[in-house]
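Colleague: This is the structure I want to talk about, given as structure tokens.
The values are calculated or read from the model by the stated rules, or taken from the named source; none is laboratory data. None of these values were measured; they are calculated from a predicted model. Glycine gets a Cβ as well: all are built from the backbone with ideal geometry, and neighbour counts include every protein chain shown.
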């Protein structure tokens, strides 16, 4: 009787290690018995194994199929293979399944790749790789750096089953691209009594240089110490911290870190920048990220700034004449350029400039000019100042005080007008017409209804006043003088067409505007008209003063 014969090529017989690769030969197949000279072909329908005449020499082998995987711990450990043989003479052999046993193998642990981006220049202590082993058999995994690798790297036990590969302290300049020993490391790995060697590549990337920029702040051509001249800002493409160092201009400038991470450039204490000196217009710095250093030179921005003009007014009384100082001018130029002062054409008719000891100019009244409070052009002065590049100017108010003017009439019928200031208008005798702005109207002649009744057409209650001489109007009391007027006793004044009480010496008739003096008040004597005012004025005793 014919039978299939299997000649195992494995030890132990009919076993297959769980880590067998595709194409692994388990043994050869043959047939014992059959007709003389009969040859046989073999068939097998199985997802993991196949029969192949590998060398086409008539010898059939049992092999592992491509894609087949075996796992002693989690997969089937035994396979029964239904192999059939058919002879060319018609003999069919269908024996019992061929038993194949899966053998346990101490598999290598799986160490996931660490694809972290390691920058060129990584310094001692920098972690470049994390080893986290997954051992199929649960064995403890240990590591040892090769002799060459331990010159560059160290192993650190993290006490959680993982190990860190860090840069060794001897690598003071950091890791370098192009140095093979810096871009990979070799480990001897031990697990469950087995040892093997493996190489790990680092994802070492180029450390890009920092980018540095300077934003200049325009400053005066003569700049004092403590002035900020600009701001430095460096950015590192790899996100590293930046340090700065002055390598030119360190005697002129200081670098001060700002809260936002930028650096201010300031003029050093005790230094005044001078635009005319070339070394005062430039500085250079080195910016470093711990690996790369970038050197760059920057130039300051200077501008000619306009001068600042100040005016200090002097108190001046109306009537001031030639050479009287009405104010002082002082222009300060940041660049200390020579200043030129010029009065406007209108102001030059009234004033002149005289250089003073303070470096500025006094504004004085021009010879032949008498200041007049009532003239608006006498209240201000216009001037320009130039440093040769910039011209500035202004119009300044003069502290001109008013002097009380006295306008005095004659014994005839006069028309008297005061100015815009505070004036005293005295009509004297005659029927005068009196006008004024802010005025005091004085009555110091004996009133006469026919020959001496004045007219005041623009009397203004809030601003004007009426003075009466007690030599003429004796009933008003002895108190008061021209230099020290006395307020009228309010009992002496009455609004109405006539006196109501015996001491109503002064009356004002709102209907007619007549202002009168009655020597005996409500007595038998007739009141005498003093002046004609506007009708309907709200006069009170506060309008009257005795002199």
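Colleague: Among the candidates 381, 385, which residue alone is modelled with pLDDT of 95 or more and either assigned to a loop (DSSP other than H, G, I, E, B) or closer than 15 Å to residue 326 by Cβ (or both)?
Modeller: On the way: 385 fails: either assigned to a loop (DSSP other than H, G, I, E, B) or closer than 15 Å to residue 326 by Cβ (or both).
None of the other options fit; the residue is 381.
Colleague: Within the bounds of region 45-54, is there any residue that is touching a residue at least 60 places away in the same chain (Cβ under 8 Å), part of a loop (DSSP other than H, G, I, E, B) and surrounded by fewer than 15 Cβ atoms within 10 Å (Cβ to Cβ)? Outline the logic, then answer.
Modeller: First pass over region 45-54, keeping only residues touching a residue at least 60 places away in the same chain (Cβ under 8 Å): none.
Among the residues of region 45-54, not one is touching a residue at least 60 places away in the same chain (Cβ under 8 Å), part of a loop (DSSP other than H, G, I, E, B) and surrounded by fewer than 15 Cβ atoms within 10 Å (Cβ to Cβ), which makes the answer no.
Colleague: Quick one: how many residues across region 105-143 are free of Cβ contacts under 8 Å to residues at least 24 places away in the same chain and within 40 Å of the chain's Cα centre (by Cα)?
Modeller: Here the count works out to 0.
Colleague: Restricting to region 73-104, count the residues that are outside any strand (DSSP E or B) and either without any contact (Cβ under 8 Å) to a residue 24 or more places away in the chain or under 17 Å from residue 28 (Cα atoms) (or both). Let's see the steps before the verdict.
Modeller: From region 73-104, those outside any strand (DSSP E or B) are 73-77, 82-83, 88-91, 95-97, 104; that's our starting set.
With the extra rule that they be either without any contact (Cβ under 8 Å) to a residue 24 or more places away in the chain or under 17 Å from residue 28 (Cα atoms) (or both), the set shrinks to 74, 82-83, 90, 95-97.
The qualifying residues number 7.
Colleague: Hey, among the residues in region 510-536 that are over 19 Å from residue 472 (Cα atoms) and crowded, with 17+ Cβ neighbours inside 10 Å, which one's modelled with the highest pLDDT?
Modeller: 513
Colleague: Moving on. Yes or no: region 128-150 includes at least one residue that is within 29 Å of residue 293 (Cβ to Cβ) and in a loop (DSSP other than H, G, I, E, B).
Modeller: No, there is no match, as no residue in region 128-150 is within 29 Å of residue 293 (Cβ to Cβ) and in a loop (DSSP other than H, G, I, E, B).
Colleague: Residue pairs, Cβ under 8 Å, 6 or more apart or interchain, first in region 364-385 and free of Cβ contacts under 8 Å to residues at least 12 places away in the same chain, second surrounded by fewer than 16 Cβ atoms within 10 Å (Cβ to Cβ) and part of a strand (DSSP E or B). List them.
Modeller: none
Colleague: Please go through region 74-104 and give me each residue that is surrounded by fewer than 16 Cβ atoms within 10 Å (Cβ to Cβ) and either outside the structural domain of residue 30 (by TED's automatic domain parsing) or farther than 17 Å from residue 33 by Cβ (or both), ordered by number.
Modeller: 74, 75, 76, 77, 78, 80, 82, 97, 99, 101, 104
Colleague: Could you check, for region 277-284, whether at least one of its residues is under 28 Å from the mean Cα position of the chain (by Cα) and either touching a residue at least 60 places away in the same chain (Cβ under 8 Å) or not in a strand (DSSP E or B) (or both)?
Modeller: Yes, because at least one residue in region 277-284 is under 28 Å from the mean Cα position of the chain (by Cα) and either touching a residue at least 60 places away in the same chain (Cβ under 8 Å) or not in a strand (DSSP E or B) (or both).
Colleague: A further question follows. Tell me which residues, restricted to region 32-43, are under 19 Å from residue 80 (Cβ atoms) and surrounded by 15 or more Cβ atoms within 10 Å (Cβ to Cβ).
Modeller: Taking region 32-43 as the starting set, the residues that turn out to be under 19 Å from residue 80 (Cβ atoms) are 42-43.
If the condition is that a residue be under 19 Å from residue 80 (Cβ atoms) and surrounded by 15 or more Cβ atoms within 10 Å (Cβ to Cβ), then 42 is the only one that fits.
Colleague: Could you list all residues from region 267-280 that are out of contact with any helix residue (DSSP H, G or I) (no Cβ under 6 Å at 6 or more places or on another chain) and buried (at least 17 other Cβ atoms within 10 Å of the Cβ)?
Modeller: We begin by selecting, within region 267-280, every residue out of contact with any helix residue (DSSP H, G or I) (no Cβ under 6 Å at 6 or more places or on another chain); these are 267-272, 275-280.
267, 271, 275, 280, listed by residue number.
Colleague: May I ask you to list pairs of residues, at least six apart or on different chains, whose Cβ atoms are under 6 Å apart, with the first in region 1-15 being at positive phi and in the same structural domain as residue 83 (by TED's automatic domain parsing) and the second being surrounded by 15 or more Cβ atoms within 10 Å (Cβ to Cβ) and not in a loop (DSSP other than H, G, I, E, B)?
Modeller: Short answer, once both residue conditions are applied: 14/8; 14/100.
Colleague: Go through region 321-360 residue by residue and tally those that are surrounded by 15 or more Cβ atoms within 10 Å (Cβ to Cβ), touching a residue at least 60 places away in the same chain (Cβ under 8 Å) and in a loop (DSSP other than H, G, I, E, B).
Modeller: Of the residues in region 321-360, 2 are surrounded by 15 or more Cβ atoms within 10 Å (Cβ to Cβ), touching a residue at least 60 places away in the same chain (Cβ under 8 Å) and in a loop (DSSP other than H, G, I, E, B).
Colleague: Could you tell me whether any residue of region 217-234 is assigned by TED's automatic domain parsing to the domain that holds residue 173, farther than 30 Å from residue 176 by Cβ and touching a strand residue (DSSP E or B) at 6+ places or on another chain (Cβ under 9 Å)?
Modeller: Just the residues of region 217-234 that are assigned by TED's automatic domain parsing to the domain that holds residue 173, to begin with: none.
Within region 217-234 (the criterion being assigned by TED's automatic domain parsing to the domain that holds residue 173, farther than 30 Å from residue 176 by Cβ and touching a strand residue (DSSP E or B) at 6+ places or on another chain (Cβ under 9 Å)), the answer is no, since none of the residues qualifies.
Colleague: Residues being in contact (Cβ under 8 Å) with a residue 24 or more places away in the chain, over 13 Å from residue 153 (Cβ atoms) and in a strand (DSSP E or B): count how many of those fall in region 185-197. Lay out the reasoning, then the answer.
Modeller: Just the residues of region 185-197 that are in contact (Cβ under 8 Å) with a residue 24 or more places away in the chain, to begin with: 185-194, 196-197.
Okay, now just the ones that are also over 13 Å from residue 153 (Cβ atoms), so 188-194, 196-197.
Of the ones still in play, those that are also in a strand (DSSP E or B) are 188-191, 194, 196-197.
Going through region 185-197 one residue at a time, the tally reaches 7.
Colleague: A further question follows. Please find, among 376, 462, the residue that is modelled with pLDDT of 85 or more, under 59 Å from the mean Cα position of the chain (by Cα), surrounded by fewer than 21 Cβ atoms within 10 Å (Cβ to Cβ) and within 30 Å of residue 513 (Cβ to Cβ). Before the answer, list the steps.
Modeller: Working: 376 fails: within 30 Å of residue 513 (Cβ to Cβ).
The conditions single out 462.
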